[in-house]
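Enquirer: So that we are looking at the same thing, I have put the structure below in structure tokens.
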Amino acid sequence: MQRTVAAPADLGTDVIGFPEGADLELDLRLEAVMEGVLVTGSVRGRAVGECVRCLGEVVDDVDVFLTELYAYPERAKAAAEEGDEGEDVRELEGDLIDLEPALRDAVVPALPFQPLCRPDCPGLCSECGARLADDPDHSHETLDPRWSALSGLVSQDDETKES
Ligand SMILES: [Zn+2]
Ligand SMILES: [Zn+2]
């Protein structure tokens, strides 16, 4: 089953995720097994986020493997009664499979915890907030406080000359 679906709302974390309605390509195989239906396959999409260092846009192509068992309701109940380690058993609802929770479980952990626009992102200038990636030679003249008094004098001189 190959299908493109629209990303549901809030698919992602605070810092990176899929814009609602973005394309998610599913390439899934549904297999009838004894307990229910086993869904396996891949999910592909493009997550968009913010670089934690420079707040620039980060684009992350996600390609994750998904495997999820949807149990027949009676099987799911039996598993719960056996106390199967609290393992969340998803239930088949009639013939319907609600893929969204499985999608979330597969995709969200695959997203970078601290997205970076590039691995060596230099971040922002601590003095003026400029993006250092755009301006690698960026620097501020750090004036010796003794000189700054002097430069004040110089600029005052300039002003008096101009007027
Ligand atoms: Zn960055
Ligand atoms: Zn700066």
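The values are calculated or read from the model by the stated rules, or taken from the named source; none is laboratory data. In this text the structure is predicted, and so the values were computed from the model without any measurement. Every residue, glycine as well, gets a Cβ built from its backbone with ideal geometry; the counts of neighbours run over all protein chains shown.
Enquirer: Hey, can you tell me all the residues within the stretch 78-98 that are assigned to a loop (DSSP other than H, G, I, E, B) and at pLDDT 70 or above?
Expert: Kept after step one, since they are assigned to a loop (DSSP other than H, G, I, E, B), are these residues of the stretch 78-98: 82-89, 92, 94-95, 97-98.
Across the stretch 78-98, the qualifying residues are E82, V89, L92, G94, D95, I97, D98.
Enquirer: Let me ask you something else. Restricted to the stretch 38-74, and to residues that are under 18 Å from L103 (Cβ atoms) and of a type in the set (K, R), which residue is farthest from ligand 1 (Cβ to nearest atom)?
Expert: Per the stated criteria, the residue is R44.
Enquirer: Any idea how many residues of the stretch 42-68 are surrounded by fewer than 17 Cβ atoms within 10 Å (Cβ to Cβ) and within 16 Å of ligand 2 (Cβ to nearest atom)?
Expert: Going through the stretch 42-68 one residue at a time, the tally reaches 1.
Enquirer: Hey, another quick one. Which numbered condition in (1) closer than 14 Å to V52 by Cα; (2) within 16 Å of ligand 2 (Cβ to nearest atom) is the only one that A130 fails?
Expert: (1)
Enquirer: Could you look through the stretch 106-148, keep only residues that are at pLDDT 90 or above and part of a helix (DSSP H, G or I), and pick out the one that is nearest to ligand 1 (Cβ to nearest atom)?
Expert: A110
Enquirer: What single numbered condition from (1) surrounded by fewer than 15 Cβ atoms within 10 Å (Cβ to Cβ); (2) under 23 Å from the mean Cα position of the chain (by Cα) fails to hold for G12?
Expert: (1)
Enquirer: Then there's this: Please go through (1) more than 30 Å from A6 (Cα to Cα); (2) at pLDDT 85 or above for S151 and return the number of the only condition it doesn't satisfy.
Expert: Among (1) more than 30 Å from A6 (Cα to Cα); (2) at pLDDT 85 or above, the lone unmet condition for S151 is (2).
Enquirer: Where residues in the stretch 24-77 are among the aromatic types (F, W, Y) and in a strand (DSSP E or B), which of them is modelled with the highest pLDDT?
Expert: The residue in question is F65.
Enquirer: Scan A102, A71 and give me the residue that is surrounded by 15 or more Cβ atoms within 10 Å (Cβ to Cβ), touching a residue at least 60 places away in the same chain (Cβ under 8 Å) and of a type outside the set (D, E).
Expert: Values: A71 fails: touching a residue at least 60 places away in the same chain (Cβ under 8 Å).
Just a single option satisfies the conditions, and that option is A102.
Enquirer: In addition: Looking at the stretch 28-41, can you tell me whether even one residue there is away from ligand 2 (no atom under 16 Å from the Cβ), within 30 Å of P122 (Cβ to Cβ) and surrounded by fewer than 13 Cβ atoms within 10 Å (Cβ to Cβ)?
Expert: From the stretch 28-41, those away from ligand 2 (no atom under 16 Å from the Cβ) are 28-41; that's our starting set.
Now restrict to residues that are within 30 Å of P122 (Cβ to Cβ): none.
There is no residue in the stretch 28-41 that is away from ligand 2 (no atom under 16 Å from the Cβ), within 30 Å of P122 (Cβ to Cβ) and surrounded by fewer than 13 Cβ atoms within 10 Å (Cβ to Cβ).
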